[in-house]
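To keep things clear, I will list the structure first and then write my remarks on it.
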Amino acid sequence: MAESRNGDPKNGSSSKVNGGGGKSGYEINLENFGKRLNLLYTCWKEQKEELWGDADALVLSTPPPSEDLRYLKSSALHTWLLGYEFPETLIVFMPGTVQILCSQKKALVLEDLRKASKKAFSVEVVIHAKARNEDGSEQMQKMLDAIRSKSESNLPTVGVLAREPADGALMERWAEALGDSGFNQVDVTAGFTELFAVKDESEITNIKKAAFLSASVLKKYVIPKLEVVIDEEKTITHAELMDDTETAILDPSKAKVKLRADNVDICYPPVFQSGGVFDLRPSAMSDDEPLYYDATGVIICAIGARYNTYCSNIARSYLIDADKLQEKAYKVLLKAHEAAIHVLRPANPMSAPYRAAVDFVQREAPEFLPHLTKSVGTGIGIEFRESGLNLNGKNDRLLKAGMSFNVNLGFHNLQAEKSADPKTRVFSLLLADTIIVRDKGPENATSSCSKAFSDVAYSFKDDEEEPEEKPKPRVETNGAETSYIKTALRSDNQETKEELRRQHQAELARAKNEETARRLAAGGLGHGDGRSSVRTSGEMIAYRSVDDIPSSKDLMIQVDQKNEAILLPIYGLLVPFHISTVRTVTSQQDGGHSYIRLIFNVPGAGFSVNDLPSQKFPRSIYVKEISFRSNDVRHSNQVVQLIKTLRRQVAQRESEKAERATLVTQEKLQLSKGKPIRLSDLWIRPAFGGRGRKMTGTLEAHANGFRYSTMKADERVDVMYRNIKHAFFQPAEKEMITLVHFHLRDFIMVGNKKTKDVQFYMEVMEVVQTLGGGRRSMYDPDEIEEEQQERERKNKINSEFQAFVKRIGELWEQPHLKDLDLEFDIPFRQLGFHGVPSKSSAFIVPTVNCLVELIETPFLVITLSEIEIVNLERVGLGQKAFDMAIVFKDFKKDIMRIDAIPSTSLDGIKEWLNHMNIKYYESRMNLNWRPILKTIMDDPEKFIEDGGWEFLNMEASDSDSEKSEESDEGYEPSDLEEPSESEDDDSDDVSVVESEEDEEEEEDSEEEEGLTWDELEAKARREDKEKGDESDSEDERRRRKVKATGKARAPDIRDSRGMPPKRPKVR
């Protein structure tokens, strides 16, 4: 174990075994050595005075192997430069030469370096091999003489690692020889820190693999183990948890990680702390105290794994029945941790993360600031803590892309609110992640293990333990009052439920805007669905040479189906054209003659230039159109049909070829040795193409995938397990089919169709059409028997599918498939709703991970984790239906619309979205999403500054409109205002009509006794003529109003005497 940690070539830890290269069986990567040696000399030369102490030579010596975990810069240099750590080895770097003192066995490993050094690296490598019985004094003297000869001074300056003590006989002998030489010694630790700070891609890959292992061990091994211990109230000590977790790291298969055990190790013994005693220093150790998990308890877990000697770290705090103070402290720490990570960007100082964390805590919860750790973390790589790369408030060194950090932040010794238990009176919180600095922003290598409060806070309180509410005094009431009280209570509960949902949505809005801001800042705009790429076909060559053109004495249009060309007679010659150049061909008859017209694809005519040789021959002249006249009408029609048929066949073949060219290569199906799990008599969707009778097939589960095949040899589909993104099983309830459905990660071909959804189904009812037109009685024995048979058939088919799905689930639980994390989802019908996702109405149902519609085609499968937000459109009073617009995190992907959802489903959908932590908004109208998403992608910073998605918040906009309405209250029309004279003459509004009606009533009251009906009509007509067309009668105005509002009839209008007015006669 110790040798493995130190990387001794004797045991092969993190070493590359090469069966035939050299006597040692190990191989040093010469290309890697040359590149990194050049980096060393370049850094030494360019910053010789600033970082390397103006040293003339650099000397590094490594100690012998040890059982202790230790991180030394000398050992790190060996691993970085040579790929192995060579214990008890001395390396001296001088201008133009590298001299190495080691044992004879190690010299054999380094022999290839010596042979290739001068030619490949322009640096001479000299190896001094000492025998087992020698102390190396003679070789050391030669190396000191070489240093003196390479220096311009009699007393050269030698760079050493001053913080590494002389350990072992070789290092002690070298320290003594170097001291006796009188050379000046300077510490060059800062130079090697700068050298190791920026990692190349191979180093970053090693760190990411180590981080993935750390996160997987915590997520898939430690957390389930803790949950079992707490749930079953077992007793286990911190030290026992440490030993079990260390075993899981050294055996990655226990955490479902496919990494070779020979390449992994621990960075430090895993740390578990609970029970009020916490140590947040990197040197903390797990003690022998039992794990404490009572109410308000805190458990801190820290895990560090290494891969190929590169380190990683992750730490999480788990809260048991947390109180309000613990909840607040954790949420503040989480956001401060994210703030620190967010500023890890190139050109920022290394003090920026610490300042960002302090500023956030100072702003949100200043009472926690004295308990904040004094540093946000350190650099991480081959060394667990890279000196000089501390993320504290004093380090002004600039960040660079390629650096990696252990971002570690915590609150130490916080005081609980009301706790008499000494094990919960004091608690601490710690979060740590492995972060890689990229040009586009920080990359969290341990993000697979969640640190959200909902994922780390556990509640084990039983219902009976909750505090009982004080009984309210009983009030004697009559029946009516009782009914009223019940109604009020039901309304209060609904309001409380709606308020809780609104509060949760507000929290989701803040979290979603922060997540979107981070993603947009990191350049995560998405990559689209990959369908916009332009298809380019190969060269269109009909004949390789002129000799291949068929000769014919008859100058007629000919179709060469073998070479996919048409031969056109032009100026006495048959000129070939590839069929792909033909755009359209038509024929028409006129006066006994037939005219054939061919239009060709040419650049600039709406055809893609990528499908033409225009780029290869830019100066060519293209034939756009050509026409022929023929006396043989029959031959002309035959030629046109042949051209159209050939063109259609070639276009179909090229389209299928282009579709297949974009497919991801799938692994080969490995057939099961025994009898595979099988389900027979299944239909497939999409169906195979071709003519002939459609046939059912059999679905078989093999070692690494499914195979569906029919009796026809060419009808076969393989679906690999690794290509399955979601699997669904939907038994027939109100549907006609029972099905299993696979939504794939990459497209496959089913027949000649490219698809990501493959479905296998069986009809549970036979479609029967009654030829007799009469209706059958519900008591008809034949009808009852048929229904019983259908019910039995449906139950039988559902049971067969259920058994198949269960056996497949057991197969997917096997070790070699468990990491795929596959399981069948069953849709929740009770949460379903009707809508129009495509062209027809369908019943859409949620599952655990998706929103699906698997009956009607095209199928609908929406992964919930890919949803950014949901906007419910056309939501308002009086609306019978509304629409749902689903915006994906990939902004280059078109939104998904589900239209015409009944308004009765609105509350259920909102409750489901809220339960799934999906932020939704409501709007009164449909939005045009393409320009909205384009605006966001064009200027993401402005989108973030404007509040992110809050522009969709209808409640906020309503409050703004209410404010504007309050400011315009003085504009409300009032019946008390007297209209001006101009308004009396020109306006047609209600107040004018009423005033005219009043005047008429006054006149009528004066003259009603002396005028007959005919006289009144004549008087009214005269007044209308005097007023002109601008003033119509009240009756006509009301009729126009009724017509405009769509009412069936006008209201009953009577004059001052209670009599209905007479309609004027039309002359």
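The values are calculated or read from the model by the stated rules, or taken from the named source; none is laboratory data. Keep in mind that what you see is a predicted model, and the values were worked out from it rather than measured. Cβ coordinates were reconstructed from backbone atoms using ideal geometry, including for glycine residues, and neighbour counts include every protein chain displayed. All accessible areas refer to the heavy atoms of the entire protein, side chains included, with ligands and DNA or RNA removed. Shrake-Rupley method; radii C 1.70, N 1.55, O 1.52, S 1.80 Å.
Need the full-extension length gain, residue 229 to residue 924, defined as separation in residues times 0.36 nm minus the C-alpha distance. One decimal, nm.
Taking 0.36 nm per residue and subtracting the Cα distance, the gain is 245.1 nm.
Where does the range 237-325 land on Rg(C-alpha)/(2.2 N^0.38 Å)?
1.17
Which GluC sites (Glu not before Pro) from the range 215-281 combine a DSSP loop assignment with at most 12 other Cβ atoms within 10 Å?
232, 233
Per the Kirkwood definition applied to all pairs of different Cα atoms, how many angstroms is the hydrodynamic radius of the range 808-963?
Details: mean 1/r = 0.0575 Å⁻¹.
Result for the range 808-963, one decimal place: 17.4 Å.
Amide H to amide H under 5 Å from residue 623: which residues, 5+ apart in sequence or cross-chain, H placed 1.01 Å off N in plane?
none
Using 7 Å Cα-to-Cβ label points, what is the residue 745/residue 552 separation (nm, one decimal)?
Spacing of the two 7 Å Cα→Cβ label points: 5.4 nm.
Report residue 620's accessible area, 1.4 Å probe, all protein chains in place, as a number in Å² to the nearest 10.
Result for residue 620: roughly 50 Å² accessible.
What's the FRET efficiency of residue 396 with residue 439 using the Cβ-Cβ distance as r and R₀ = 22 Å, to the nearest 0.05? It would help to have the intermediate numbers written out before the result.
On the way: r = 21 Å, r/R0 = 0.95.
The calculated FRET efficiency here is 0.55.
Once the whole set of protein chains is in place, how much accessible area is left on residue 857, using a 1.4 Å probe, in Å² to the nearest 10?
90
Hey, what's the range 343-397 come to in accessible area per residue, 1.4 Å probe, Å²? Kindly include the intermediate steps, with their values, before the conclusion.
Details: 2370 Å² over 55 residues.
Per residue, the range 343-397 has an accessible area of 43 Å².
How much accessible surface area, in Å² rounded to 10, belongs to the heavy atoms of residue 915 with a 1.4 Å probe?
Its heavy atoms expose roughly 140 Å² to the probe.
Roughly how many nanometres apart are two label points built 7 Å out from the Cα toward the Cβ at residue 673 and residue 642?
Roughly 5.9 nm, to one decimal.
Taking 0.36 nm per intervening residue step and subtracting the Cα-Cα distance, what contour gain separates residue 48 from residue 454 on full extension?
141.0 nm
Would you calculate the separation in nanometres between label points at residue 665 and residue 116, each defined as 7 Å from the Cα along the Cα-to-beta-carbon direction?
Each label point is offset 7 Å from its Cα along the Cβ direction, giving 2.7 nm.
Show me the ranking of peptides 645-651, 400-406, 546-552 by mean Cβ neighbours inside 10 Å, starting with the highest.
Highest-to-lowest ranking by the protection proxy: 400-406, 645-651, 546-552.
So what J values fall out for the range 892-900 if you push phi through Karplus, 6.51 cos²θ - 1.76 cosθ + 1.60 with θ = phi - 60°, rounded to Hz, Gly and Pro as x?
With the stated coefficients, the range 892-900 comes to 7, 8, 4, 5, 9, 10, 10, 9, 6 Hz.
Quick one: grab the alpha carbon gyration tensor of the range 820-865, order the square roots of its eigenvalues as a ≥ b ≥ c, and give me rounded if a/c is under 1.5, else prolate or oblate depending on whether a/b is larger than b/c.
prolate
Do any GluC sites (Glu not before Pro) in the range 138-178 lie in a DSSP loop with no more than 13 other beta carbon atoms within 10 Å, and if so, which?
Passing sites in the range 138-178 are 152.
Can you compute log10 of I(q)/I(0) for the range 409-459 with the Debye formula, treating each Cα as one identical point scatterer, at q = 0.25, 0.26 Å⁻¹?
-1.04, -1.06
Can you list the trypsin sites (Lys or Arg not before Pro) in the range 187-246 that are in a DSSP coil and have 13 or fewer other beta carbons within 10 angstrom?
Values: sites: 199, 208, 209, 219, 220, 225, 234; in loops: 199, 234.
Those satisfying the criteria are 234.
Please list 598, 877, 508 from largest to smallest accessible area, probe radius 1.4 Å, with all protein chains kept in place.
Listed by decreasing accessible area, they come as 877, 508, 598.
How large is the dipole of the range 821-906 about the Cα centre if only Lys and Arg carry +1 and Asp and Glu carry -1, each at its Cβ, rounded to the nearest 20 debye?
Dipole about the Cα centre, nearest 20: 360 debye.
Work out the FRET efficiency for residue 363 and residue 66 from their Cβ-Cβ distance, taking R0 = 51 Å, and round it to the nearest 0.05.
0.60
Long-range amide H contacts for residue 583: which residues qualify at under 5 Å (H placed 1.01 Å from N, peptide plane, sequence gap of 5 or more or a different chain)?
Placed amide hydrogens put 599, 600, 601 under 5 Å from residue 583.
Given 0.36 nm per residue, what is the gain on full extension from residue 934 to residue 324 after removing their alpha carbon distance, in nm?
Using 0.36 nm per residue and subtracting the Cα-Cα distance, I get 215.4 nm.
Would you mind getting the accessible area per residue of the range 236-310, heavy atoms of the protein chains only, 1.4 Å probe, in Å²?
Each residue of the range 236-310 exposes 37 Å² on average to a 1.4 Å probe.
With a 1.4 Å probe and all protein chains left in place, how much of the accessible area of the range 138-265 comes from carbon and sulfur atoms, in whole percent? Present the calculation step by step, with values, prior to reporting the outcome.
Working: 2790 of 6020 Å².
Of the solvent-accessible surface of the range 138-265, carbon and sulfur hold 46 percent.
Ordered by packing density, taken as the mean number of other Cβ atoms within 10 Å over each peptide's residues, highest first, how do 251-258, 922-929 rank?
Sorting 251-258, 922-929 by mean packing, highest first, produces 251-258, 922-929.
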